[in-house]
Amino acid sequence: MDGQGKRELPVAHRLAKLANMKYVNTHEAKTQLSKLIAAVRAGEEVVICQAGKPVARLAPYKPARKKPRLGLLKDAIKVQPDWDSPETNAEIQAMFDESLNKPFDP
């Protein structure tokens, strides 16, 4: 990690990423947009430069993850009132103790 808490990539990883990138100027990007999109679909990343400096990046679109729906199993799971009783805890502890005394057999 560098001094700002960012993790640096190994040199080989950075070189592999650079090898998979295509650099184009803005004029070429305007005239060859369909070809650049095809390259992105094939897994390449395209960096668009203006005056020799990168200003934009074309990369494959990654859809956002769906947020989990809270309460989806609200009525599907029933918890018994005595789920945490001393008797239940002793029963579970006995099962763990029993399994620890048996030899491991994968």
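The gain in end-to-end length when the T88 to L100 segment is fully stretched comes to 2.5 nm, 0.36 nm per residue minus the alpha carbon separation. In this structure the amide hydrogen of Y23, modeled in the peptide plane, comes within under 5 Å of the amide hydrogens of V47, none closer than 5 places in sequence on its chain. Extension gain, V47-V79: 0.36 nm per intervening residue step, less the Cα-Cα distance, totals 6.0 nm.
For the pair segment 60-106 and segment 17-46, the centres of their Cα atoms are 48 angstrom apart. Each residue, K35 and L70, gets one label point 7 Å from its Cα in the Cβ direction; the gap between the two is 5.2 nm.
Any read-out appearing in this document is the output of simple, stated calculations on the displayed coordinates, not a laboratory observation. A quick note: this is a predicted structure, and the numbers were derived from the prediction, not measured. In this analysis, Cβ positions are derived from the backbone assuming ideal geometry, glycine residues included, and neighbour counts consider all displayed protein chains.
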